[in-house]
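I have placed the structure first, in the form of structure tokens, so that the comments after it can refer back to it.
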Amino acid sequence: MTDTRLYIPKPRTVEGGTRDLSTDLNPEQLRAAIHPGGPLLVIAGAGTGKTRTLVYRVAHLIDTGTPPERILVLTFTRRAAGEMLSRAERLVGSATARVHGGTFHSSGHRLLRQFGPSAGLPKDFSILDQGDAEDLMQLSRGALGFGSKEKRFPKKETLHHIYSRHVNTEIPVDDLLHAEYPQFLDWQQEIGRLFADYTSRKQERNLLDYDDLLLYWLLMLESSESLASQIRALYDHVLVDEYQDTNILQSRILQAMCSGHRNLTVVGDDAQGIYSFRGANFRNILDFPRQFPGVTLVTLERNYRSTQPILDTTNTLISRAEQRFTKNLWTERTGGEMPWLVTARDESQQTRFIVDRILALHEEGTPLKEMAVLFRAGYMSADLEIELVNRKIPFEKWGGLKFLEASHVKDVLAFLRVIENPRDEVSWYRIFMMMPGIGDVTARQIMANMQERGWDPDAFTHYAPPPRARDAHAKLSGMLRALRRRRAGETTAQEKGIAEEIGIIRDLYDGLLKERYDRPDARLADLDQLRTIAAGYPSRSAFLAALALEPPQNTQDLSGGGDSEDDCLVLSTAHSAKGKEWDAVFLIWCVDGWFPSARCIDDEAQLEEERRLMYVAMTRARNHLYCTYPLNVYSSRRSSDYSMDQLSRFLDRGVREKMQRVTMGEDPVAAPAPAVDPMLPAIDLRAMMKKRFGG
């Protein structure tokens, strides 16, 4: 592969367009956009133009004299922030490039790089992604000897989940164990010791996990008034999207950031709070008026997405929620059929209905990419996927393995991380375990030796390996020396940056990859793409931070590519569908125990979240909505036992009255058997059988 050439574009100059807020926005959107100051809560129902409202608010603030760099816009994905600021640029011009926009975690990262040294945090820390954090948890688990207990000790994924839930929700570990993992209550003290060791390991090795980015940000604001005043002084206005998805830490951060000017605008929908499993606190949006006295409340109810029959159904569904801000979505769109509630005999008939209806809509002119099949959990689409393949209908399923979770990509990044931070124990362990002749025992011995030498970058080079590992040690030592020489500026390749470093790594790693995989070409192509993208970053630290903070799904996401232009059907969980919309939506398995999930039925709070999740799924539809449920379900694919399903409790009589009931007809009757010719010669089958055995 030839060296990558970096092209530096000229600064972009964009002139703002002409606009008239009174005609571009409806009255409620306008009221929010021109709000003079102080706390503002915008309750924005599904499809009511919340992004448009935030974009115009940013534009109005700049128009009325707020310097763009003193505006902070917080979202939950980098793409959402980019889309919002891109739209604002078309209104205001290039000035929006100076607006600070991004996720909570990326903003925390930026502030920690800037102010962390004043709070005892070295500026050159590394960020652990979730997988790396779990691996470090495993190292603590092994070092403390908890993995060898006779009675089962929690696995690293479970331990990390408990730890992260505790940090983000402030629920005591004891309470989390009682509620979610009662089988591990006997290990409560050991789990506490392990979390203490995990925390120490991070600090000793200059590592931060995702939760630390928020927790340290909050500690700077709440533990040092002089530091907090400097951070607060950066911004005059803070705007937050999807506020119903914030957790306790994020809510406290916002209160501390805005305690002086109180110019906080939050936009969200209490009816779409569906991420408690990630630590989100549904009560944040409900309690906002109490936390910020004198708040201005604006409710957006005019829907620009769905037909009125769909809104009538979803309004009725969410009206059953126990705690909510009152709103009733409406639209000026006319026409539209009532949503279908389809009863199928079993899963097979449900699948045939969906496929037949998709083909009918496609023949009528609806592109496949404008249709989606949604479900509560990924496994529920298995039968449908088989039928789609058989019928040659292209589809994509959202989810699955993320690009950065692929082992070969994580391998290459591990080399970069130990050059950036020689104390990164997780990455060292990964590197050692991929080298021939080095196993778990040797890897731990090497790391213990390096720790004794204070994680000196040359500690590994000076380690005397066992005979079976000498060849691997020599090759790895040579590669590490070459990378360190580049870092010290001892080669002329320095100006080629991070892409050149990946090239040096691949001189060693490509051979390892080819030995490990029988068909390495696709993985090598991934690494080519990784190297190309890396060339666009100014430094190794910026590249690694970007990948850790915004993990891409695939190489297209990594390069900032747009959505696929291929016309294919979308299969998605309801969670992954949030924020999207399609002309036609099929919601399958609307059955108690499936949607809502069986594990949520006995918990009122979880059950209410399941209701909101179904509301999110149904409000994705613009023109056509089909909810299906099979009457019978077999306990397994090879079982003859089946149970009678019950329609989801969320689709009660009031909701059903807003829907068109549809019952599947019987499958076409098979052709009748041909009549027997009465003139055929008669035979006696029983007599023939007796004769065969001598009767």
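For residues in segment 352-368 being in a helix (DSSP H, G or I), free of Cβ contacts under 8 Å to residues at least 12 places away in the same chain and not acidic (Asp, Glu), which is surrounded by the most Cβ atoms within 10 Å (Cβ to Cβ)? Per the stated criteria, the residue is HIS362.
Residues in segment 22-78 that are surrounded by fewer than 20 Cβ atoms within 10 Å (Cβ to Cβ), touching a residue at least 40 places away in the same chain (Cβ under 8 Å) and at positive phi: GLY37, GLY38.
Residue check: is MET371 modelled with pLDDT of 85 or more, within 22 Å of CYS590 (Cβ to Cβ), touching a strand residue (DSSP E or B) at 6+ places or on another chain (Cβ under 7 Å) and surrounded by 21 or more Cβ atoms within 10 Å (Cβ to Cβ)? So MET371 fits the description; yes. Look at (1) in contact with a helix residue (DSSP H, G or I) (Cβ under 8 Å, 6 or more places away or on another chain); (2) of a type in the set (S, T, N, Q); (3) in the same structural domain as ALA280 (by TED's automatic domain parsing) and you find that GLN138 fails only one, number (3). Taking (1) farther than 23 Å from PRO172 by Cα; (2) surrounded by 18 or more Cβ atoms within 10 Å (Cβ to Cβ); (3) in contact (Cβ under 8 Å) with a residue 60 or more places away in the chain in turn, ASP245 satisfies each apart from (1). The single condition from (1) under 27 Å from PHE104 (Cα atoms); (2) modelled with pLDDT under 90 that GLY142 fails is (1). Here ARG113 fulfils each of the conditions (1) surrounded by fewer than 20 Cβ atoms within 10 Å (Cβ to Cβ); (2) farther than 28 Å from ARG232 by Cβ; (3) not hydrophobic (A, V, I, L, M, F, W, C) apart from (2). Screening PHE415, PHE395, PHE432 for residues that are more than 25 Å from GLU501 (Cβ to Cβ) and surrounded by 15 or more Cβ atoms within 10 Å (Cβ to Cβ) leaves exactly one candidate, PHE395. Testing ARG485 on (1) surrounded by fewer than 15 Cβ atoms within 10 Å (Cβ to Cβ); (2) at pLDDT 80 or above, one condition comes back false. Which one is that? Tallying (1) surrounded by fewer than 15 Cβ atoms within 10 Å (Cβ to Cβ); (2) at pLDDT 80 or above, ARG485 fails exactly one: (2). Do we have THR307 as touching a Pro at 6+ places or on another chain (Cβ under 8 Å) and either over 15 Å from LEU221 (Cβ atoms) or among the hydrophobic types (A, V, I, L, M, F, W, C) (or both) here? Judged against the criteria, THR307 is not a match.
Inside segment 319-351, residues that are among the hydroxyl-bearing types (Ser, Thr, Tyr) and assigned to a helix (DSSP H, G or I) make up a count of 2. Within segment 408-438, the set of residues being of a type in the set (Val, Ile, Thr) and part of a loop (DSSP other than H, G, I, E, B) comprises just one member, ILE438. Contact map, segment 597-618: first residue over 23 Å from LEU341 (Cα atoms) and touching a residue at least 24 places away in the same chain (Cβ under 8 Å), second residue of a type in the set (A, V, I, L, M, F, W, C) and in a helix (DSSP H, G or I), Cβ cut-off under 6 Å, separation 6 or more or different chains; pairs are GLN606/CYS600.
When ALA414 is tested against (1) free of Cβ contacts under 8 Å to residues at least 12 places away in the same chain; (2) assigned by TED's automatic domain parsing to the domain that holds ILE533; (3) within 26 Å of the chain's Cα centre (by Cα), exactly one condition is not met: (1).
For every residue, the table says whether it meets (1) among the basic types (Lys, Arg); (2) within 28 Å of the chain's Cα centre (by Cα); (3) farther than 25 Å from LYS580 by Cα.
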{"site": "PRO36", "(1), (2), (3)": "no, no, yes"}
{"site": "ILE43", "(1), (2), (3)": "no, yes, no"}
{"site": "THR51", "(1), (2), (3)": "no, yes, no"}
{"site": "VAL55", "(1), (2), (3)": "no, yes, no"}
{"site": "ALA59", "(1), (2), (3)": "no, no, no"}
{"site": "ASP63", "(1), (2), (3)": "no, no, yes"}
{"site": "PRO68", "(1), (2), (3)": "no, no, yes"}
{"site": "LEU72", "(1), (2), (3)": "no, yes, no"}
{"site": "ARG78", "(1), (2), (3)": "yes, yes, no"}
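Residue check, THR343 against (1) on the phi < 0 side of the Ramachandran plot; (2) free of Cβ contacts under 8 Å to residues at least 40 places away in the same chain, all met but one. Which one? The single condition THR343 does not satisfy is (2).
The values are calculated or read from the model by the stated rules, or taken from the named source; none is laboratory data. Since the structure is predicted, the reported quantities are computational estimates derived from the model, not experimental observations. Ideal geometry is used to build each Cβ from the backbone, glycine not excepted, and the neighbour counts take in all protein chains shown.
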